[in-house]
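Engineer: I have a structure here, written as structure tokens, and I will follow up with some questions on it.
Just so it is clear, none of the values below were taken in a lab; they were calculated from the coordinates. Just so it is clear, the structure is predicted and the values come from calculations on it, not from any experiment. No Cβ is skipped: glycine too gets one built from the backbone with ideal geometry, and neighbour counts run over all protein chains shown.
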Amino acid sequence: MRIAPHARVRADRVEECDAAHREVPAELSAAIRAAGARSWTIWRGGADLFHVLECEDHARLLAALEELPVNVAWQARMDELLDVPHDYSAEGVGAGLPVVWELP
């Protein structure tokens, strides 16, 4: 399954957000993989972050990460930088961008 979450960086924190993503904790990356992610790529256009996440089960991935201390700490850091954060709650499961076209 592929999911395309969207987030928006605070305009005055773009460089800081880029720097933070260069330093994602190895423990968080390992937890994301253990929760079922096969890949996760983030692109930035201006202040908008576009993600493509490939995982077995998005709801299960979010549930596994929502209360995990390393993710809670990471999300607290991101909350300082983002206007629109990634939602790890059950409501966040449907928060991905809708597919409008895919190369057949």
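Engineer: Answer rounded, prolate or oblate for the chain, using the Cα gyration tensor with square roots of eigenvalues a ≥ b ≥ c: rounded when a/c is under 1.5, else prolate when a/b is larger than b/c, else oblate.
Structural biologist: Oblate.
Engineer: Also, I was wondering about something else. Which loop chymotrypsin sites (Phe, Trp or Tyr not before Pro) in the range 39-104, with loop taken from DSSP, have no more than 11 other Cβ atoms within 10 angstrom of their Cβ?
Structural biologist: Those satisfying the criteria are 101.
Engineer: Longest segment of the chain with no GluC sites (Glu not before Pro) in a DSSP loop having at most 13 other Cβ atoms within 10 Å?
Structural biologist: The answer is 68-101.
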